[in-house]
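Report on the following structure.
Where a number appears in this text, it was derived from the coordinates with a stated rule and is not lab data. All values reported here derive from a predicted model rather than from experimental measurement. A quick note on method: Cβ atoms are made from the backbone with ideal geometry, for glycine too, and the neighbour counts reach across all protein chains shown.
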Amino acid sequence: MLDRPQENCGVVGVFSLSGTNVIPMGIDALRALQHRGQEAWGLAVPNRKPVKRMGLVSSSSSEFKKLAQEYSSPAAIGHVRYSTVGGGSLENAQPLKVKDLCVAHNGTIANADEISNMVGGCTFTPQSASDTLVAAHRLVSLISENGKMGKALSILKNEMIGSFCFTFISDDGAVYAARDPKGFRPMVLGHKKDDDVYIVASESSALSAVGATLIRNVKPGELLRISAEGLESEIFSTEPERAHCSFEFTYFAHPSSKMEGANIYVTRKRIGKMLARKFPIKDADLVVPVPDSARPAALGYAQELGIQFDEGLLKDRYSKKGPLRSFIEPHHTERMEINRWIMPIREIIDGKHVVVIDDSLVRGTSSRAIVKALRRAGAKRISMLITYPPITHPCYAGIDFPSQEELATFSPDRRELSRQETIEMVRNSIGADFLGYNSAENLADAVGLPADSMCFACSTGDYASLGVTPKFKTRREMKGDEMDGTEAGAGEG
């Protein structure tokens, strides 16, 4: 089996009907999606080799003017990368070019090995065979056989297991965007009146960054084509079932984004209010968020119960790693470096019963470090509440917890534990006085979507929405040579 990188990232597609150079807009859109991927970024225009760089988009700011001039084009696609499997390298960065088509992908294709066997004449190596590259080769093959992108996607979606949002750009200058039939990963369409620009992106935060107006979500199973002829839409799949990623609503998405009709900040605040009704800790002195994505939920919790809200934990935004998101860093040491710069304020914490609100608890290492820091700052009692249900199973739809052994809920002796036994095990592990998790039903109610239209596979172990029962692997099997001496444990977002 090849050790392929799989992605949950951010994608962008931009097309100007007036012929305006969209490269500056593409760069700004990618910067607005940086929270979805910190490892690498790239842009592609027709008839050129894609531009790819390691690190943050802003790290290449000195090149922006030159890139805008050298790659000037009315059409472009872009990508920010967060790898869930495999090594971080420029070769694995996207967009990728296969013949006359460049591809950027957000999601995970779980059966990339199987698809690679369908692609004749291609030699893949562990370093170059990303699931995106395999899918791109297969798609180009299907287009050549069937002549149409929509027809090719209707075949490919039946062959692929997993999640996907694609943006494509062809050498004839057209930009395409496609969202998987279950709607696992988000994708939106916007328009900027100035220069008559259409933009497709993973989140509406990218539209706001370039002054575009949100038109709508890209429908699950929809293919968009944007060219000199304008905007065209085609449905390549009519599956009625939905499986929107629940983790997007608590952690992954930007708080300013609107997703499936709901503003993320307002939704997270509502999650906090509903968490307060589930766990009304009325003797608490203080509610503190783990920065940054848990802040709206902590505020909602505090307001619902009338408890003081304060910033008892702060990120050092002046350190090299301080402003970054620990969960999506690819290496354990880098995640620990980020978490090291979350610092408690003793004057706020000392002598208090503190309710700490966090968006998720995945591996447990950062929760443990935060509890220790709060103890050192003099906290009298620490109650930790998690806006997401217990994560007990790997994700095969694009979030980076691909093995059970790395999860905080994993029993070292592999015993089957009850839910309460699991929570008590995790509570002891992180050192909190009380630990409470949200339920899937409570979370879905707060989001405003039916629970059966959201994916909770990582909490339930039910992979029916993927159409497959995965074979669980160890972290080393998933990450290969990327392992840096730590088998499990990092930091949740």
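Taken along its three principal axes, the alpha carbon spread of the stretch 195-255 comes to 37, 31, 12 Å, from the longest extent down to the shortest. If R0 is 25 Å, the Cβ-Cβ spacing of E347 and S58 corresponds to a FRET efficiency of close to 0.15. Spatial offset of the stretch 7-28 relative to the stretch 29-77 amounts to 9 Å, using the alpha carbon center of each.
Roughly how many whole Å is it from the C-alpha centroid of the stretch 431-469 to that of the stretch 140-197? Result: 28 Å between the Cα centres. Packing-based ranking of 132-144, 452-464 yields 132-144, 452-464, ordered from highest to lowest mean Cβ neighbour count within 10 Å.
The modelled label-to-label distance for the pair R376/Q420, using points 7 Å beyond Cα in the direction of Cβ, is 3.5 nm. For the pair E114 and D413 in one chain, pulling the backbone fully straight at 0.36 nm per residue adds 104.3 nm over the alpha carbon distance.
For E91 and I155, the FRET efficiency from 1/(1 + (r/R0)^6), where r spans their Cβ atoms and R0 equals 30 Å, is about 0.60. Here the Karplus curve 6.51 cos²θ - 1.76 cosθ + 1.60, taken at θ = phi - 60°, turns the phi angles of the stretch 16-32 into couplings of 9, 6, 8, x, 5, 5, 9, 4, x, 5, x, 5, 4, 5, 5, 4, 6 Hz, with x standing for Gly and Pro.
The phi-based Karplus calculation (6.51 cos²θ - 1.76 cosθ + 1.60; θ = phi - 60°) puts the 3J(HN,Hα) values of the stretch 376-385 at 5, 7, x, 4, 6, 8, 10, 10, 10, 10 Hz, whole numbers, x for Gly and Pro. Restricting the calculation to Cα atoms, every distinct pair contributes to the Kirkwood radius of the stretch 266-451, found to be 16.8 Å. Remark: C-alpha extents of the stretch 6-240 on the principal axes read 44, 35, 29 Å, sorted largest to smallest.
Annotation: amide H of I215 within the under-5 Å range of L189, G190, H191, sequence separation 5 or more or interchain, hydrogens built in the peptide plane. Computed 3J(HN,Hα) for the stretch 184-199, one whole-Hz value per residue from the Karplus formula 6.51 cos²θ - 1.76 cosθ + 1.60 where θ = phi - 60°, is 3, 9, x, 7, 10, 10, x, 9, 10, 4, 4, 6, 6, 9, 9, 9, glycine and proline marked x.
Full extension of the chain between K148 and N47 yields a length gain of 34.4 nm, computed as 0.36 nm times the residue separation minus the alpha carbon distance.
With a simple spin-label model that places each label point 7 Å from the Cα along the Cα-to-Cβ direction, the separation between N428 and I215 comes to 5.7 nm.
Taking every DSSP bridge with both residues inside the stretch 266-451, close to 15 percent are antiparallel. Applying a threshold of 24 Å to the alpha-carbon distances of K157/K269; K315/K380; K192/K258; K278/K315 flags K157/K269; K278/K315 as lying beyond it. A cut-off under 14 angstrom between Cβ atoms defines the neighbours of A212, and their net charge, with Lys, Arg +1 and Asp, Glu -1, is -1.
The simple Förster model, with R0 at 41 Å and r as the Cβ-Cβ distance, assigns D194 and K282 a FRET efficiency of 0.20.
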